[in-house]
Amino acid sequence: MEVQAALGAEIAMAFDECAPGEASQEEARRSMELTLRWAIRSREAFDRLQGYGTARGSERVSDALSVSGIEAGPLAAASGSVFRQALFGIVQGASHLDLRRESLERTVEIGFDGYAIGGLSVGEEKPVMLEVIEAIAPRLPAEKPRYLMGIGTPEDLIEAVARGMDMFDCVLPTRNGRNGQAFTSLGRLNIKNARYADDQRPVDEQCNCSVCQRHTRAFIRHLYQSGEMLAGILLTHHNLAFFLDTMRRVRQAIRSGQFAKFRREYTEQLSSGLG
């Protein structure tokens, strides 16, 4: 919690343990109980650090802790935050719905600013992931943000939103970009493919990001084949822009009452394939 306070992140996460997707009931319970014990300790440490940080402003949190006889680590010194961070609790339980429900109830009892579903996309089948989201998301407090951790593809985002989730994070836009793959409105594009050697079109003809406005598939492929780091940078930039635009369109569709239509058309377009 000191590290997260020192970083000054708007949202801090309680510590948790992520059990394997195929964990047995016994393994998943043991992991869930550990996560719940850590949730209590994280809540207490967070409140203490936030109290000192907001009370002292830019003064050293470690000084405040020492006055109270509490030993602080070196990173607490940098955490003199003048705003209050939010702390999210994490629901665990692997693929066992009874454990997921119990984890949710006990996490809500502790009390957090938002709630996350963790431990998905770690080896379980896609239908299992969606089943967990469908069972747990509606039970999350309606007045608090709902965060799905480590998810996922554009299709996953849309399906998770349809089941009640609000927020997401994932390495895919950056990791796939570094490895030569772009997410586009017509599906994934592997820039390494020889077919793009002379392709003068942008990565995504429907994208308005600066990469698609300035560079061709052929140029980015040349960079990638030459081992130029710029290829990964450009593809990462595009991928992040694509994901952010997807979520912008999701919010717009929800506000206009057209999400069901948007979900259907977006999914159909993604599966139509690149020309």
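Structure notes:
- Panel values: the stretch 174-219, Kirkwood radius from alpha carbon pairs, Stokes-Einstein at 4 °C and 1.567 mPa s, translational diffusion coefficient 121 µm²/s.
- FRET efficiency, 1/(1 + (r/R0)^6) with R0 22 Å, evaluated for residue 194 and residue 226 via beta carbons: 0.90
- Lacking any other cysteine beta-carbon closer than 4.7 Å, the following Cys residues of the chain have no compatible partner: 18, 170, 209.
- Note on the stretch 126-275: Cα-only Rg and Dmax are 16.7, 52 Å.
- Per residue, the accessible area of the chain comes to 50 Å², computed with a 1.4 Å probe over protein heavy atoms only.
- On Cα atoms only, tilt of 97-110 relative to the major axis of the chain in degrees: 50
- Taking Cβ atoms as reference points and 10 Å as the exclusive limit, the residues near residue 198 contribute a net charge of +2, counting Lys and Arg as +1 and Asp and Glu as -1.
- Ratio Rg/Rh, restricted to the chain and using Cα atoms, in which Rh is the Kirkwood radius: 1.04
- Each Cα pair of the stretch 1-56 feeds into the Kirkwood radius, which the Stokes-Einstein equation turns, at 37 °C and 0.692 mPa s, into a diffusion coefficient of 260 µm²/s.
- Pairwise FRET efficiency - residue 260 versus residue 214, Cβ, R0 = 45 Å, nearest 0.05: 0.80
- Gain on full stretching of the segment that runs from residue 142 to residue 84 - 0.36 nm per residue minus C-alpha separation: 18.7 nm
- Loop-resident sites, the stretch 91-122, for GluC sites (Glu not before Pro), counting at most 12 other Cβ within 10 Å (DSSP): none
- Relative packing of 248-261, 152-165, which averages over residues the other C-beta atoms within 10 Å, highest first: 152-165, 248-261
- Extended-chain gain in nm, criterion 0.36 nm per residue less alpha-carbon gap, residue 47 and residue 169: 41.4 nm
- A Förster radius of 25 Å combined with the Cβ-Cβ distance from residue 125 to residue 34 puts the calculated FRET efficiency at roughly 0.50.
- For residue 181, the shell of other residues with beta-carbons less than 10 Å away shows a net charge of +4, using +1 for Lys and Arg and -1 for Asp and Glu.
- Here the stretch 109-225 has 44 percent of its accessible surface on carbon and sulfur atoms, given a 1.4 Å probe and all protein chains in place.
- Descending by average beta-carbon neighbour count within 10 Å, the peptides 232-241, 3-12 line up as 232-241, 3-12, the highest first.
- Crossing angle, helix 126-136 versus the chain [Cα axis fit, 0-90 degrees, rounded to tens]: 40
- Helix 229-255 vs. the chain, principal-axis angle (Cα, 0 to 90°, nearest 10): 80
- Separation of the stretch 99-137 from the stretch 197-275 is 30 Å, based on Cα centroids.
The values are calculated or read from the model by the stated rules, or taken from the named source; none is laboratory data. Fair warning: this is a prediction, and the values are worked out from it, not measured in the lab. Glycine gets a Cβ as well: all are built from the backbone with ideal geometry, and neighbour counts include every protein chain shown. Ligands, DNA and RNA are stripped out before the accessible areas are found, and what is left, the full protein with its side chains, is counted by its heavy atoms. Shrake-Rupley method; radii C 1.70, N 1.55, O 1.52, S 1.80 Å.
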